[in-house]
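In what follows, a structure is listed as structure tokens, so that the remarks can point back to it.
The values are calculated or read from the model by the stated rules, or taken from the named source; none is laboratory data. It should be emphasised that the depicted structure is a prediction, and the values quoted were computed from it without experimental measurement. As a convention, Cβ positions derive from the backbone with ideal geometry for all residues, glycine included, and neighbour counts pool all protein chains shown. In case anyone asks, the SASA skips ligands and DNA or RNA and just uses the protein heavy atoms, side chains included. Shrake-Rupley method; radii C 1.70, N 1.55, O 1.52, S 1.80 Å.
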Amino acid sequence: MTTRTADLWHHYGRVRHAADRAVPDDFRWNWAQDGGPGPEVLGDLTGACVGDLGAGAARHAAHLADRHRPARVDAVDASPAQYAMAVDLYGHLAPRLRIVRSDAVGHLRARPGAYDVLYSVFGAVDFTEPRELLPAAAAALRPGGRLVFSTLGHHLGGTPARPDVRSVDVPARTPGGGAATMRRWVLRGRVWSDLLDRAGFTRVTVDVLPGGRGPRAADALLVAAYRLPTAAGS
């Protein structure tokens, strides 16, 4: 996740960090993190090089590193606070888990063909200009490599997703508690499909994960695609 101002992720996950230090037993893609498909969506990760884009405190990455026998999982996040929490929680899983402080686009551009699988769970895909991130992801995947991400299917509160590639400003807080905003891309499934096609991906699928009920409930889109043998940007 990237920001050009203060660390707007400073407060995120801090309460859970103090109370829950275990490697998660499960990995879910839906907004509530309580149902739907699990890590099987990523395929067999045995011996694979995997990247988590916008990993936050690296809970999903820790689950994969500990339970699914990859060669390595890189948990990538630009937030100093999230990086510090991830190191504190799961630094002991090195070298299978590598915790990386970097913006996703810069990290990917520096590693052409390095990954078998890339994924994002409401992470960097939501908060990074997709016309920059998706081509960088294609170039960082080996030919035939897979990108999977979950993203909001509509705005919180029910406003429909955008029919074009434009972000909205969502509320955030500075480390000192001041009000701020950050950009988030909440796009329709066909928009994601078009972006992926232009970025060098094929076999794109978009599935809706229902969000249940409640004021903070939200449907999610689960999007998967494969890098073409000669992807854009390679």
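Would you list the strands (runs of 3 or more DSSP E) that sit entirely within the range 49-106 and hold 2 or more residues that are out of contact with any Ser or Thr (no Cβ under 8 Å at 6 or more places or on another chain) and more than 17 Å from residue 141 (Cα to Cα)? Before you say what the answer is, go through the steps one by one.
Values: elements: 49-53, 72-77, 97-101.
Correct list: 97-101.
Within the range 35-48, the set of residues being open to solvent by less than 10 Å² (accessible area, probe 1.4 Å) and not hydrophobic (A, V, I, L, M, F, W, C) comprises 38 only. The residue that is farthest from residue 73 (Cα to Cα), counting only those in the range 112-122 that are buried (at least 24 other Cβ atoms within 10 Å of the Cβ) and not aromatic (Phe, Trp, Tyr), is 121.
Across the range 182-208, what is the number of residues that are among the aromatic types (Phe, Trp, Tyr) and in a helix (DSSP H, G or I)? Full working, then the answer.
From the range 182-208, those among the aromatic types (Phe, Trp, Tyr) are 185, 192, 201; that's our starting set.
From the residues that got through so far, the ones that are in a helix (DSSP H, G or I) too are 192.
Looking only at that region, the number is 1.
Is it true that residue 218 is open to solvent by less than 10 Å² (accessible area, probe 1.4 Å) and within 30 Å of residue 112 (Cα to Cα)? No, not satisfied.
Of the residues examined, residue 130 is one that is at negative phi, touching a residue at least 12 places away in the same chain (Cβ under 8 Å) and within 17 Å of the chain's Cα centre (by Cα).
Note on the range 199-211: among residues that are in contact (Cβ under 8 Å) with a residue 40 or more places away in the chain and in contact with a helix residue (DSSP H, G or I) (Cβ under 9 Å, 6 or more places away or on another chain), the one that is surrounded by the most Cβ atoms within 10 Å (Cβ to Cβ) is 201. Report, ordered by the first and then the second residue, all pairs with beta carbons closer than 7 Å, sequence separation of six or more or different chains, a first member in the range 37-65 that is under 23 Å from residue 80 (Cβ atoms), and a second member that is among the polar types (S, T, N, Q) and open to solvent by less than 10 Å² (accessible area, probe 1.4 Å). If the second residue must be among the polar types (S, T, N, Q) and open to solvent by less than 10 Å² (accessible area, probe 1.4 Å), the pairs left are 53/120; 54/120; 56/82; 57/82. Put simply, of 165, 170 the only residue that is open to solvent by 10 Å² or more (accessible area, probe 1.4 Å), at pLDDT 95 or above, farther than 17 Å from residue 226 by Cα and more than 13 Å from the chain's Cα centre (by Cα) is 165. When residues in the range 154-191 are screened for being of a type outside the set (A, V, I, L, M) and in contact with a helix residue (DSSP H, G or I) (Cβ under 8 Å, 6 or more places away or on another chain), 7 of them pass.
Among the residues making up the range 162-198, those that are in contact (Cβ under 8 Å) with a residue 40 or more places away in the chain and closer than 27 Å to residue 38 by Cβ are 184, 185, 186, 187, 192, 195, 196.
If you take the residues of the range 173-184 that are charged (D, E, K, R) and either open to solvent by 70 Å² or more (accessible area, probe 1.4 Å) or closer than 20 Å to residue 14 by Cβ (or both), which of them is nearest to the chain's Cα centre (by Cα)? Can you show your working first?
Of all residues in the range 173-184, those charged (D, E, K, R) come to 173, 183-184.
Keeping just the survivors that are either open to solvent by 70 Å² or more (accessible area, probe 1.4 Å) or closer than 20 Å to residue 14 by Cβ (or both) gives 173, 183.
Numbers: 173: 21, 183: 15 Å.
So, considering only residues that are charged (D, E, K, R) and either open to solvent by 70 Å² or more (accessible area, probe 1.4 Å) or closer than 20 Å to residue 14 by Cβ (or both), the one nearest to the chain's Cα centre (by Cα) is 183.
Filter the range 49-89 for residues that are open to solvent by 10 Å² or more (accessible area, probe 1.4 Å), under 16 Å from residue 118 (Cα atoms) and aliphatic (A, V, I, L, M); which is nearest to the chain's Cα centre (by Cα)? Ranking the candidates gives 55 first. Checking 6, 32 one by one, the residue that is open to solvent by 30 Å² or more (accessible area, probe 1.4 Å), at pLDDT below 95, closer than 18 Å to residue 210 by Cβ and among the small types (Gly, Ala, Ser) is 32 and no other.
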